1. I'd like the full set of residues that are open to solvent by 10 Å² or more (accessible area, probe 1.4 Å) and among the small types (Gly, Ala, Ser), limited to the stretch A:235-265.
2. Do we have residue A:404 as surrounded by fewer than 21 Cβ atoms within 10 Å (Cβ to Cβ) and either touching a helix residue (DSSP H, G or I) at 6+ places or on another chain (Cβ under 7 Å) or among the hydroxyl-bearing types (Ser, Thr, Tyr) (or both) here?
3. All but one of (1) buried (at least 23 other Cβ atoms within 10 Å of the Cβ); (2) out of contact with any Ser or Thr (no Cβ under 9 Å at 6 or more places or on another chain) hold for residue A:123; state the number of the condition that does not hold.
4. Being within 29 Å of residue A:286 (Cα to Cα) and either within 9 Å of another protein chain (Cβ to nearest Cβ) or surrounded by fewer than 23 Cβ atoms within 10 Å (Cβ to Cβ) (or both) narrows it down to one of A:432, A:529, A:507, so name that one.
5. Would you tally the residues in the stretch A:372-389 being within 24 Å of residue A:340 (Cα to Cα) and under 29 Å from the mean Cα position of the chain (by Cα)?
6. Are any residues in the stretch A:446-489 assigned to a loop (DSSP other than H, G, I, E, B), at the interface with another protein chain (Cβ under 8 Å from one of its Cβ atoms) and aliphatic (A, V, I, L, M), and if so, which ones?
7. Just to check your reading of the model, which residue among A:473, A:421, A:455, A:478 is under 29 Å from residue A:104 (Cα atoms), of a type in the set (Ser, Thr, Tyr) and modelled with pLDDT under 95?
8. Anything in the stretch A:435-445 that is within 8 Å of another protein chain (Cβ to nearest Cβ) and in contact (Cβ under 8 Å) with a residue 12 or more places away in the chain? List them, or say none.
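The values are calculated or read from the model by the stated rules, or taken from the named source; none is laboratory data. Computed from a prediction, not measured in an experiment: that's the story for all the values here. Neighbour counts are summed over all protein chains in view; Cβ atoms, including those assigned to glycine, are modelled from backbone coordinates with ideal geometry. With ligands, DNA and RNA removed, areas are computed over all heavy atoms of the protein, side chains included. Shrake-Rupley method; radii C 1.70, N 1.55, O 1.52, S 1.80 Å.
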Number of protein chains: 2
Amino acid sequence: MIHGKNFIGFDLAAEGSLTFKTFSPATLQELPELFVQATKSEMEIAVSKAVSAYEHYKRKSGKERAAFLRAIADEIELSGGQLIERACAEAGLSEGRLLGERGRTLNQLRLFASVLEDGSWVEASVDPAMPERKPAARPDVRKMFQAVGPVVVFTASNFPLAFSTAGGDTASALAAGNPVIVKAHPYHAGTNELVAGAIIRAARKTGMPDGVFSSLNAFDFSIGQELVLHPAVKSVAFTGSFTGGKSLYELARKREEPIPVFAEMGSVNPVLLLPGKINEDTALLAATIAKSVNIGAGQLCTNPGVLIALKSAETAVLKTELAKQISQLLPEKMLHQNISNNYERKTKQIFENREVVKLAESEQLSAELTGRPVVAIVSGKDFIANPNLAEEIFGPFSLLIECGGKDELTEVLKTFRGQLTASVMATAHDIKSFRKQIEILQEVVGRLIFNGMPTGVEVGYSMQHGGPFPATTDGRFTSVGVDAIKRFVRPVAFQDAPDEYLPDELKDANPLNIWRRVDGHLSNEPIKK
Amino acid sequence: MIHGKNFIGFDLAAEGSLTFKTFSPATLQELPELFVQATKSEMEIAVSKAVSAYEHYKRKSGKERAAFLRAIADEIELSGGQLIERACAEAGLSEGRLLGERGRTLNQLRLFASVLEDGSWVEASVDPAMPERKPAARPDVRKMFQAVGPVVVFTASNFPLAFSTAGGDTASALAAGNPVIVKAHPYHAGTNELVAGAIIRAARKTGMPDGVFSSLNAFDFSIGQELVLHPAVKSVAFTGSFTGGKSLYELARKREEPIPVFAEMGSVNPVLLLPGKINEDTALLAATIAKSVNIGAGQLCTNPGVLIALKSAETAVLKTELAKQISQLLPEKMLHQNISNNYERKTKQIFENREVVKLAESEQLSAELTGRPVVAIVSGKDFIANPNLAEEIFGPFSLLIECGGKDELTEVLKTFRGQLTASVMATAHDIKSFRKQIEILQEVVGRLIFNGMPTGVEVGYSMQHGGPFPATTDGRFTSVGVDAIKRFVRPVAFQDAPDEYLPDELKDANPLNIWRRVDGHLSNEPIKK
């Protein structure tokens, strides 16, 4: 069933001589199918097809693009058990998790389809002419978002479906009117092939141009780097490590024409545990934290990698409860040998800092390639002296920083750089007493959560998944939720354009019946002249 | 009256030993006042004051910030004749032009004030909780824009008021809630001082924190570079040359935390002259073009530096008319000796390309330091072989590209990189016949103008002043118009936050009565629970 080839638009190609296999964390064996790494010439053809496709695809109406996205969702659904089975095999995740992730993937595609059907997302704005204005007549000026051109998507290792081939990046880039070229994650090459096939079938069925989507296999960096440097590529999306994201970001700066790189590079998502809340139900709080630390073997970008509390008798009870909970956690399978090796190495290394002590680790039997949950403790004072201790350890690890007073807590909070999220576990009284401290966190995060763990990212209109650097390369945008589409557009203004030339979104009659800003006021009415 | 010192928040400082004077293009003499270049330590204090001011300023309500902006406008108006006189002296521009530019500056400040008073600009979005949702309850998620921190503004040489100390960059950065540090243009140090004084008086009168605004003098690059590299600076705005903008952009990449640099670097603003339009009223078209080439001695970022037409008998008539018009233009004063020297050198150099011939130049008497209007011609074929001929010559110069047919025209249009604008001079019939060619231009510009010259940028809701690189470093934003505020904010999401913690814009009751997106639908109603 799996052919191992690259999708160069509607064509399959496998001219290259480099091949690789994927690995099953469950069986600890390589899977049998061979994948052929894309050649440079195949990459060039994919880009050139994307450039041609762009000319046609950008002219498709919102409804046409919506039909394409809905068809992708339908085709993925039709892939049924085969897709889930393959994703389970390649990612070592449970069937339940992957069914959930598929649901989210389908929801995302359909949500973007509904946004396109509604049409108001283009932020159309109309300032009608004022021929009588003095001292000079005012021209008619209108603007809206338009697509930017071919987008390259690097898929994530930790979400084989929802942040992958047909995940949020691809869905939002396609929704905005851009062709997409996926650089598939080598750990999930089979899963990628099944989803890419679904996208191609959907493109054919809904009359989309050849080149609107391509998917390239690669286990080394060369193809990805060439894509980022290609002059016809206009934007890049990436989810993964800081090292990977930063290097793509640097690479894009070397182009003659710099382009945006939206890299979501992870985060330690500090969780502030305030005294009133700790007191309220210490056991429940400890259980909530422990569960969140271990979800997906801690391989989520929203993993709570840092906990912060004031040293107190109550915190001592919390520590005891947390140690109990952590020791009982069942280690889960990690995504890959490299990730698991790194995790093991880093959870050893951190204790080479004499000021860091182990609070607890899971005492449960663990199979090979699982990540053993660990919680470490450091004092606020020692942490301030060495804030690098907050560097992310990808896996089910968390560092509890115990602060010797409010001032020390404030100083600890000030050390944090950009984060995807911060959580505040607090009673109403805590929030009043610690408002200043909470606001310090607000300044460095994309999402501030009250009485909830960072894991679990809602896909909706108000989600912000993206924080200041180094959580992402551009905290002004989100990679989850409807507004992710704004990464792949730019505004274009039309001055005194005849109605026939204007896109439907800007025509006088407002044929799409969308909301527009007319002279600064929202309106869904036609422009009267 | 002019003290020559730096504004370090509410304090004046002039500890440095480097001084400079400004120059009057009108009298060709230096003006008498000495300006003291800011020292590194003064710069550090300005940034540190900005950091402290940010803590207070970001908490000011929209109405409070609006009062500040209105007070700045009022104080500038009260500066009256002295300001206009100084700006005339330092920029060599006419009183009429500077009165117009002051009017625009005041309008911009008041427009941003009205945007703040309205309040809806923060793009508040609310997805209320759904506790009953299956399989998991939906949290309450809300988001809106918030300020980013200290912004550095490099003022432009060609607009001593409207793109300068209290120009669009400063107005939009302050409106968004950020302190501003201006690196004043050394050509207009006196004008800057008068305007900076007005801003400081306005800040004091409206109770804004010390450090919300600073202004530093510098005639060399060091202070500007130190500002861009300062870790506490969060964003940079610049209007000027490609070399200047690109170097700041590169500099910002070298920071540990990269920050956005919004550099507006100019453009040749191609004007497509289509056959029907040329035929309609050839003399009027020629006069319109000639006037636009010479406005402000061609020193506008929207100067029409390239004209494109098909070779034909009608175009021959246009050329004759244009030559007549150009020869009669009165050369205007340029901003500075350097600019004038560069202009003279470059308008000589271009004719070293043997394929470029002179169509006409002004034959009018010219005073020293004026820019003599010149129009050159090149064939489409020769231009395609050397598209570098389209590099901007800052001043009243334009290059007419004469194309030997529609295919050659298409190829010429495809050579253009990012531009602020393109103009299409066309009849309705022309637009139908050349739609494909017009769309090629649309792809590389921020603003597409029909039957109008690029010069003259409306300040409104729908303006897009910013095109793909190299016109700007970020074509996703505008530096003119209301949406310029979006450069200096980032979205922050609040999950399950108690109403008391939320900013007014996101509270259930909608106390500011703003438009919000509630579950994806626009509403100005309270959230019902």
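1. As a first pass, look at the stretch A:235-265 and keep what is open to solvent by 10 Å² or more (accessible area, probe 1.4 Å): A:238-244, A:246-251, A:253-258, A:260, A:262.
Hits for the stretch A:235-265 are A:240, A:241, A:244, A:247.
2. Numbers: surrounded by fewer than 21 Cβ atoms within 10 Å (Cβ to Cβ): yes; either touching a helix residue (DSSP H, G or I) at 6+ places or on another chain (Cβ under 7 Å) or among the hydroxyl-bearing types (Ser, Thr, Tyr) (or both): yes.
Judged against the criteria, residue A:404 is a match.
3. (1) is the only condition that residue A:123 fails.
4. Details: A:529 fails: within 29 Å of residue A:286 (Cα to Cα); A:507 fails: within 29 Å of residue A:286 (Cα to Cα).
Unique residue meeting the criteria: A:432.
5. Looking only at that region, the number is 7.
6. Passing the criteria: only A:463.
7. On the way: A:473 fails: modelled with pLDDT under 95; A:421 fails: modelled with pLDDT under 95; A:478 fails: modelled with pLDDT under 95.
Of A:473, A:421, A:455, A:478, the one residue that is under 29 Å from residue A:104 (Cα atoms), of a type in the set (Ser, Thr, Tyr) and modelled with pLDDT under 95 is A:455.
8. A:438, A:442, A:445, listed by residue number.
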